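Notes to accompany the following structure.
The values are calculated or read from the model by the stated rules, or taken from the named source; none is laboratory data. All values reported here derive from a predicted model rather than from experimental measurement. Cβ sites come from the backbone with ideal geometry, for glycine too, and all protein chains shown count toward neighbours. With ligands, DNA and RNA removed, areas are computed over all heavy atoms of the protein, side chains included. Shrake-Rupley method; radii C 1.70, N 1.55, O 1.52, S 1.80 Å.
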Amino acid sequence: MNQILQKLLLILFLLTGLINNSKAINIIIFSDTTIAFSKDTINKISTFDSEIEKDAEDSIKLDIINQKAYLYGKAKIKYQQTTITAAYIEIDWRTNTIFATTTIDSLGNKIGHPVFTEKKESFKAHEITYNFKSKKCRVKKITTKQGEGFILGKVVKKMEDDIFYLNKGDYTSCNSEKPHYAIRANKIKVIPGEKIITGPAYLTFFNIPTPLILPFGYFPNNDKKSSGLIIPSYGESAIMGFFLQEGGYYFTLSDKADLTLKSNIYTKGNWNVKSQLKYRNRYKNNGNLNLSYGKIYNSEKGFPDYSEKNDFNIKWRHQQDAKANPSLQFSANVEAGSSSYHRNNSYNANDFLKNTMSSSINLTKNWDGAFLNNLTLNLRHSQNTTTKNINLTLPDISLNSKRLYPFKILGNSAKTQWYDKIMIKYGMNTKNTISTADSLLFTKKSLSNFRNGMKHNIPISTSIKVLKHFTLTPSFNLTERWYLSQTEKRWDVNSESLITDTLNKFTRSHNYNFSTAINTKIYGMIQFNKTKIAALRHVISPNLSFRYNPDFSDEKYGYYKTVQKNTEEETEKYSIMNNGIYGSPSKGESGKISIGFSNILEMKIRRNKDTVESFKKIKLMENLSIRSEYDIFKDSLNLNNITINARTRLLDIFNISFSSIYDPYITNQDKDGIIDRLELNNNKRLARLIRLNTNIGFTLNDKTFSEGKKKKEENKSEEKEDEERDFYEIPWNLTANYSLSYNKGYKSSAFSDTTQSLNFSGNLKLTKKWKIGFRSGYDFDAKELTYTSVDIYRDLHCWELLFNYIPIGYHQSYSLTIRVKAAALRDLKFEKKKDWFTPEYN
C-alpha cells in the first residue's frame, strides 16, 4: 500500500511539474507497477524536477520506471545558469545526465542541432551529454565561437571549470559551415575568456593539409589587451638588400595605455625604429605619441659618394574631454622632423605629397564673472620641407576681457537707445617668434634672432539704426605696443654707408584710428507668367565705410626718425620699431573710403506635381562681390586695386570659385610699378587685370544621375544583385579639381605667368567584394601625370586581398597582400612587394 501511494504521489508531482512547464504530455509508461521507489530516488527526482524548466513544441514523454523524460520538437531545458536547446532531449535522473541531439527530417537531413549556453559561453554541436551535478560535458562535432575565431572539434570534453579539451580540432576565423581554412591540431585546450593552446598544428585550405607546420599554437581569447610579438614581413630591396619590416613588440602598459615598438632592418646597414604610445582616460583625455628615427647609408665606406643620412619624426596628438574641466582646456597637435623624413619613410600618399609640417599646443583658461575672463596660451611651429625653413612661436599669449556696456541701465524695460549699445573691451597679446633655416635653429646665433613684443588693444563700438533700413556701425580703436628693443640707423661718414643697430631699450608707442560703416540690403524680383521660369530674385548688399588713421610719423611722437641714406645727402624716414613683431604706428595720414557690393542671384522654376503647382529654387550666383578703396589724403594714386570674387554651383555638381585683382592705373613699361594715370583715360578701360585665380571642382557618384529611379530590394542575394545591376547601381564616386592662376604683374604686356593644376581621384565598387580606387593628377608644365596610385581590394570572406600599385614617379612600386581578416590571426598572411626606395641625401 505504501509503495502504491509513493508511486501515485510521485506521478502526481511529476504531472504537476510537466503541466506547468510543457505544452503536451503524450505517454506515461509503467513497465511494472510492483517496483518500489526508494526515498532517495523520489527526493532526487522531485528536487531536480522542481529546479528545471522544461519546454517542447511537440511532446514530452515520461518513463517512471527507468526514471527518464523525453522532449521532442524544439526542446529546451534550463537548469540554473545552463540552457540546452535541441530537436530531441533526454533526461536521465539515475545518472544525472541530459542528452541532446538532432533528428532527421523527411528529406533525410539533420535538423535541430543542440545549442549549449552557460553564462556567456555558447556552442553548437551534433550531440551533447551533460552531467548537471558535476557540470561536465561530452560533445561530438562542436562549433563554438571564441573571440574573433571559431573552434571545431570531433570529440570535446567540457570540465567543471569550463575548460574545453578537444580531440582533433580546428581553429579558424571563417564563419562558413565548411571553413575555407583552419589551423588543425590533434589536441586543443580552450580556456574561455583567456587563451587557446594547441599542440603541433598545421594549416589547411578547404580541408586540404599544407606543409605549413607550427610546433605549437597560442591565441589570446579575451577582450583584454595582452603583450606580444609583432611578426615582421620580409623581402628584398634592390638598393638596401634583404629586409625585415614592421616587426617588433606590443606592450600592454595598463587598461588606459599601450606601447608599440616596430623596426625595419636592411642587410646593407640601413635601419629605423618607430614607437607609438596610445593612452585614453575616459571622460578626461586621450591621445597618442609617435617617435621615429632612422639611419640611411649611401654607397660603401671609402667611396667618394659615401654619405649618411639621419631622419626623425615626432607626432603628438592630445585631446581633453570638454566635460573634464570646462574652465581649463588643453590640446596638442604636434608634428616635426627632418625635411626628408616623409620622402624617405612614408608609404602613405598624403604624407609623401605634403611639403609642410605644423604644430600647435593650446591652453585656455576661463574665469566666470571676472573682468579679464579669458587667457589663451599657444605654442606654434611650421616647417616647409622644400625650402627647409622653420617658423616657431614660443609662446603666443592672449588675455581678453568680457564685453562691457557702460551706458546700459540694467533692468530698464524702456526702448533700447543707441548709447546702450556702446561696447568696450580690452585685449592683450604677447608673443616670441623666430624664422630661420632648420640647420641654424639650435645655434647660439639663432637665439638673438627671436622677435618679441606686447600689444594692448581697446576697441569701442556701437550700432545705430538709420532711416529704418540702414545700419551705421561707428568704432574707435586704441592700440599700444611694447618692445624690448628698437632700431637705430646712422650714416657712417668714414665708410660712406648706412649702419643699422639694434638697441636693447624698452620702447612703447600708441596709435588710434576711427572707422564707420553703413550697410543695407536691396531686394529685387522679376516674375514671369506661363513660362517654366517663375521668377528671378536679386539681392544686393552694398557697404560703404570710412577709416581714418592719423600720421604718427610726426616728430612730436618720436616713433620715426630721419637719417641720411647716401652720399647725395638724401634722407629717409624710418621707424624705430621697424623690426617690431606687431609693426609700427601708421606712417602718413590716411582716410580710406571703401565701397563694395555683394550679390546673390536666384531663380525659381515651376514644376507641376499632382496638378498642384510647386516651385524649385536654383542659385545662379551664390556670391559676387566687388570692392575698392579711395584714399582722400594721398597726393597721387588715390585709388586702390579693384577686387572681384565670385562663387557658384552649377547643376548641383560643379563648384566654381573665381577671384581677380584689377589695377586702375597704367604700368610703367620700363620699370616695375605704376604711374598716376588712369587706364580709363589712356586705354579706354576701367582697369587692368594683374592677377586671377579660379577653381573648378566636382564630385560625382552613383546617386548623382540615379535620382528618381526605383530602388531595388535591399535583401537580394549577392549573386542575384550582381546579375540584375545596371551601371548606375554600382557604387562609385569621382572627384576632380582644376585650378588656374594667372599673374600679369606690372611689367610690359609681354610678361605673364600662368600656373595650372589638375587632381582627380575615385572609387569603384564592382560588386560587394571587389573595390578599385585611384588618385592622380596632371602637370601642365611637364605635360605628364603626377603622383599616381591604384588600390584594389577583394573580400575573400574570411581573408582579404589588397593590391597597391604606383606606376610612375619617385615611389614607383607595388605591394600585394593576402591576409586573414581577424586581428588575432593578422600575421597569417602572404606579401609580395617591389621596392621603391631611393634615398635623398641632401
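Remarks
- I142 vs. criteria under 46 Å from the mean Cα position of the chain (by Cα) and among the β-branched types (V, I, T): yes
- From the list A517, A534, the one residue that fits, being over 29 Å from H456 (Cβ atoms) and small (G, A, S), is A534.
- Out of G411, G427, sole residue that is modelled with pLDDT of 90 or more and farther than 30 Å from S339 by Cβ: G427
- Criterion (over 24 Å from the mean Cα position of the chain (by Cα), surrounded by 17 or more Cβ atoms within 10 Å (Cβ to Cβ) and not acidic (D, E)) met by exactly one of S789, S813, S776: S813
- Every pair of residues 6+ apart whose Cβ atoms lie under 7 Å, when the first sits in region 299-323 and is within 15 Å of N270 (Cβ to Cβ) and surrounded by 10 or more Cβ atoms within 10 Å (Cβ to Cβ) while the second is modelled with pLDDT of 85 or more and polar (S, T, N, Q): F312/S292
- Scanning region 339-372 for residues that are assigned to a loop (DSSP other than H, G, I, E, B) and modelled with pLDDT of 90 or more gives a single hit, W367.
- Region 206-235 residues that are within 25 Å of G193 (Cβ to Cβ) and surrounded by 12 or more Cβ atoms within 10 Å (Cβ to Cβ), paired with ones that are among the hydroxyl-bearing types (S, T, Y) and at pLDDT below 80 (beta carbon under 7 Å, 6 or more apart): P220/S226
- Note on region 644-687: among residues that are among the aromatic types (F, W, Y) and within 19 Å of E629 (Cβ to Cβ), the one that is modelled with the highest pLDDT is Y662.
- Test: residue in region 574-587 that is open to solvent by 50 Å² or more (accessible area, probe 1.4 Å) and more than 22 Å from T487 (Cβ to Cβ): no
- Within region 372-387, residues that are under 15 Å from I361 (Cβ atoms) sit with their Cβ atoms under 6 Å from residues that are among the small types (G, A, S) and open to solvent by 60 Å² or more (accessible area, probe 1.4 Å), at 6+ positions apart or across chains, in these pairs: S382/S358.
- Scanning region 266-284 for residues that are touching a Phe, Trp or Tyr at 6+ places or on another chain (Cβ under 8 Å) and surrounded by fewer than 17 Cβ atoms within 10 Å (Cβ to Cβ), we see that the one that is modelled with the highest pLDDT is V273.
- Test for K44: is it more than 30 Å from M159 (Cα to Cα), at pLDDT below 85, open to solvent by less than 80 Å² (accessible area, probe 1.4 Å) and not in a loop (DSSP other than H, G, I, E, B): no
- Condition met for E572 (in a strand (DSSP E or B) and within 27 Å of T500 (Cβ to Cβ)): yes
- Y249 vs. criteria aromatic (F, W, Y), open to solvent by 70 Å² or more (accessible area, probe 1.4 Å) and under 23 Å from E118 (Cβ atoms): no
- When region 114-125 is filtered for residues that are at pLDDT 90 or above and surrounded by fewer than 19 Cβ atoms within 10 Å (Cβ to Cβ), only V115 remains.
- The residues on offer are I314, I265, and the sole one that is in a strand (DSSP E or B), closer than 30 Å to L377 by Cα and not acidic (D, E) is I314.
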